[in-house]
Amino acid sequence: MEVAEKQIEGMPLERIKYGISKGMEYTEYRNLVSGLAQSRRTTGPEQLESLINYTQLNDRRMKRWDKTIKLTDEVESRIASVNSKITFLVLTESWCGDAAPSLPVMNKIAELNPNIQFKIILRDENLDLMDQFLTKGSRSIPKLIVLDEEQDEIVAEWGPRPSIATQMVEDYKKEHGQLSSGFKQDLQLWYNKDKGQNILEDLLELLPLE
């Protein structure tokens, strides 16, 4: 688990709490993405055809993920055991391919325990906050920030990809320099085959042990 302490130097906790207070519930975000997909638009300042197409694709993917994510009894019990009040705050955009499989898993976790709150904000509307949680200097999304409400502190961060996918990307970049369209398709096939389990494993490690 990567603690975000060093990265929030100079960023008042109040700013993060403000992000949470204005954040969208998952249902609200899903309605936003669906509406944008139907009207051929996207979040963010650039209404590019490529981003619009990704938004439409992500809407279809999230609908599928919402229906197909499966949790074992053991995992559900682990989630239910969390007694501390925590908040998942995630920065994303509707066109983000890595967010499509990740956000439904985050929502599923939050649905199973009233102590876990899940809020979503858009990256390009919150760049001051995004810039405190960069990944190797990049505004990579989705980026999850975990706030312990009782301790009043940021305890972890996660993203933009689950651990196995992150290693896949790093290995490919080391050999080829940058990600190809073919690799991105292969990555989505991996997400589909994994069925959210690696994302779930990573996120469970962020939950406090009781």
_Tell me yes or no: at least one residue of region 147-166 is under 23 Å from Gly19 (Cα atoms), in contact with a strand residue (DSSP E or B) (Cβ under 9 Å, 6 or more places away or on another chain) and either of a type in the set (Phe, Trp, Tyr) or in a helix (DSSP H, G or I) (or both)._
yes
*Among the residues of region 69-91, how many are open to solvent by 10 Å² or more (accessible area, probe 1.4 Å), assigned to a loop (DSSP other than H, G, I, E, B) and among the hydrophobic types (A, V, I, L, M, F, W, C)?*
2
*Failed condition for Ser94, given (1) outside any helix (DSSP H, G or I); (2) in contact (Cβ under 8 Å) with a residue 12 or more places away in the chain; (3) over 17 Å from Pro142 (Cα atoms), with all others met?*
(3)
*asked:* Among the residues in region 162-182, are any open to solvent by 30 Å² or more (accessible area, probe 1.4 Å) and touching a residue at least 40 places away in the same chain (Cβ under 8 Å)?
replied: no
*Just wondering, is there one or more residues in region 40-52 that are surrounded by 12 or more Cβ atoms within 10 Å (Cβ to Cβ) and assigned to a helix (DSSP H, G or I)?*
yes
_Residue under question is Ile20, and the condition is that it be within 22 Å of Pro162 (Cβ to Cβ) and either open to solvent by less than 80 Å² (accessible area, probe 1.4 Å) or touching a Pro at 6+ places or on another chain (Cβ under 7 Å) (or both); does it hold?_
no
*Could you tell me whether region 136-150 includes any residue that is out of contact with any Ser or Thr (no Cβ under 7 Å at 6 or more places or on another chain), at pLDDT 95 or above and open to solvent by 80 Å² or more (accessible area, probe 1.4 Å)?*
yes
*asked:* As an exercise: evaluate Cys96 against (1) modelled with pLDDT under 95; (2) open to solvent by less than 20 Å² (accessible area, probe 1.4 Å) and give the number of the one condition it does not meet.
replied: (1)
*Considering each residue of region 195-210, count those that are surrounded by fewer than 17 Cβ atoms within 10 Å (Cβ to Cβ) and part of a helix (DSSP H, G or I), and give that number.*
2
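The values are calculated or read from the model by the stated rules, or taken from the named source; none is laboratory data. Fair warning: this is a prediction, and the values are worked out from it, not measured in the lab. Quick reminder, even Gly has a Cβ in these numbers, built from the backbone with ideal geometry, and neighbours come from all protein chains shown. Accessible surface is based on the protein model in full, side chains and every heavy atom, while ligands, DNA and RNA are left aside. Shrake-Rupley method; radii C 1.70, N 1.55, O 1.52, S 1.80 Å.
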